[in-house]
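These notes concern the structure reproduced below.
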Amino acid sequence: TDSYTIDVIPGDGIGQEVIPAATACLDLVAERHGFALHWRDREWGSDYYRSTGRMLPVDGLEQLSTGDAVFLGAVGDVDIPDDVTLWGLLIPIRREFEQYINLRPNRTLPGVPSPLAGDRQLDVLVVRENVEGEYSEIGGRFRRGRPDEFALQEAVFTRQGIARVTRFAAELAAGRTGRLVSATKSNGIIHTMPFWDEVVRETAADFPGVTVDKVLIDALAARVVSAPESLDVIVASNLFGDILSDLAAAVAGSLGVAPSANLNPEREHPSLFEPVHGSAPDIAGKGWANPVAAIWAGAMMLRHLGRPEAADDLESAFGAVLAGGTRTRDLGGSASTGDFTEAVLVALRG
Ligand code: NAD
Ligand code: IPM
Ligand code: MN
């Protein structure tokens, strides 16, 4: 049978709960479709940092480079600064492996209560630029501890970076409604954004069936809530996409149902699949975490590996469980992570 080598990093907090839930579902769906997932367990993260002073081994990225994909839970620990944990593990993987697309689907799902009024629906793909923009390494804190202390950060946008994320988003839009919305802030003072607009417009012009609508990020945030059906594919810079995707997740029902794929579209390096949410220290260890985001991220991984039927089965299985009324606490239910996962396994055996 075919086998795929997946590096699995459960990481911190609820990562340790949702990842085993998802790998159990992935193993079963793989078995039923005649392939195998060879998991390489990577106990990297904050505990690893406490014992070694590093978030991952010196040759950690080299180890990951030989796998077919990376499956991550979350990183982040209340006792370690986020710049140590995130810039020590997640951000280097995204950058070293040129995962310049962060694809984040969000949709209202049967059985998942949404804060939207009535029976309004949301079905958006946020295509987030994932390696540049506002998340730059240029800047720092200066004159520490002095009255004139300040912090500075430069946003870095490149023509190539904007063009490639736009092409990816435009291709997706072409296969859907043809409507592409670009998140911007070009009404004056953010100097990078007129450049963003220009490159987005020029790039999308190569896609005849696609219309681009540039929408200011503040108004776009409102529109996610007030007119969600007017949105389909959204292309956004790193920070705007980060914020919009948590917003869209909450509008769909919860951060617990928001998956994400950090893609290297050229497939020169492994891609990384993870929930949008973090380590959720407020509920870690309680068995309350919603595993849907992790399971759905796993389905995105199967699609990327060329197993769309298995991905469809997995999405149908958790969809049916939700529609049947089994819900974790974030969705107003009382199912534990284990209860929900067991129900998905039963649905898969169906
Ligand atoms: P968070 O996403 O961890 O949690 C936000 C809120 O959503 C919390 O109330 C949490 O309980 C709830 N929540 C999140 N996922 C849930 C799930 N699956 N089921 C039920 N409820 C869920 O964001 P935060 O609290 O801002 O960050 C916590 C830590 O995680 C920080 O250290 C942060 O830097 C890190 N973080 C990591 C990643 C990542 O590894 N990709 C992403 C976001 C945040
Ligand atoms: C995400 C997270 C990360 C990001 C943080 C934890 C660095 O919020 O994956 O959305 O901002 O990219
Ligand atoms: Mn985020």
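Taken together, the values in this text are just the output of simple stated rules run on the coordinates, not laboratory data. Being a predicted model, the structure only gives us computed values, none of them experimental. Note that we place each Cβ from the backbone using ideal geometry, even for glycine, and neighbour counts take in every protein chain shown.
This model, with +1 at the C-beta of Lys and Arg and -1 at the C-beta of Asp and Glu, gives the chain a dipole about its Cα centre of some 560 debye.
Each of 138, 118, 108 was scored by the projection of its Cα onto the charge dipole of region 106-145, and the greatest displacement toward the positive side belongs to 138; charges sit on the C-beta of Lys, Arg, Asp and Glu.
Between residue 152 and residue 31, the simple spin-label model (points 7 angstrom out along Cα→Cβ) gives 5.9 nm.
Among residues other than residue 84 with Cβ under 14 Å from its Cβ, the summed charge is -4 (Lys and Arg +1, Asp and Glu -1). Counting only DSSP beta bridges with both residues in the chain, the antiparallel share comes to about 40 percent. Nearest 500 deg cm²/dmol is fine: what mean residue ellipticity at 222 nm does the chain get from its DSSP H runs of n ≥ 4 alone, each adding -39,500 (n - 2.57), divided by its residue count? Taken over the chain, the calculation gives -12000 deg cm²/dmol.
Sparse packing (at most 14 other Cβ atoms within 10 Å of the Cβ) combined with a DSSP loop state is found for the following GluC sites (Glu not before Pro) in region 31-138: 43, 137.
Other residues whose C-beta falls under 9 angstrom from the C-beta of residue 45 contribute a net charge of -3, scoring Lys and Arg +1 and Asp and Glu -1.
What you get for region 114-252, charging only the Cβ of Lys and Arg (+1) and of Asp and Glu (-1), is a dipole of about 180 debye around the Cα centre. Pick out, from 163, 217, 233, the residue whose Cα sits farthest towards the positive end of the charge dipole of region 156-233, with +1 on the Cβ of Lys and Arg and -1 on the Cβ of Asp and Glu. Farthest towards the positive pole: 163.
Net charge near residue 165, counting Lys/Arg +1 and Asp/Glu -1 over other residues with Cβ under 10 Å of its Cβ? In short, +1. For region 114-252, the Cα-based Rg and Dmax, in that order, read 16.6, 56 Å. Pairwise inverse Cα distances across region 87-184, averaged and inverted, put the Kirkwood hydrodynamic radius at 16.7 Å. Exposed loop sites, defined as trypsin sites (Lys or Arg not before Pro) outside DSSP H, G, I, E and B with at most 10 other Cβ atoms within 10 Å, are absent from the longest region of the chain, namely 1-142.
Each Lys and Arg adds +1 at its Cβ and each Asp and Glu adds -1 at its Cβ; summed about the Cα centre, region 123-184 shows a dipole of about 40 debye.
If you plug the beta carbon distance of residue 222 and residue 160 into 1/(1 + (r/R0)^6) with R0 = 30 Å, you get a FRET efficiency near 0.45. What translational diffusion coefficient, in µm²/s and rounded to a whole number, does the Stokes-Einstein relation yield for region 10-71 at 25 °C and a viscosity of 0.890 mPa s, taking the hydrodynamic radius as the Kirkwood radius over Cα pairs? Taking Rh from Cα pairs, D becomes 187 µm²/s.
Listed from fewest to most Cβ neighbours within 10 Å, the set 38, 33 follows the order 38, 33. For the chain, the membrane-span-like helix rule (DSSP H, alpha carbon extent of at least 27 Å along the helix axis, mean Kyte-Doolittle at least -1.0) picks out no helix; this says nothing about an actual membrane. In the chain, the alpha-carbon atoms span a convex hull of 150 Å³ per residue.
For region 207-247, backbone nitrogen atoms closer than 17 Å to the point 7 Å from residue 177 Cα along Cα-to-C-beta are found at 209-216, 220-236. With a Förster radius of 41 Å applied to the beta-carbon distance between residue 312 and residue 239, the computed FRET efficiency rounds to 0.80.
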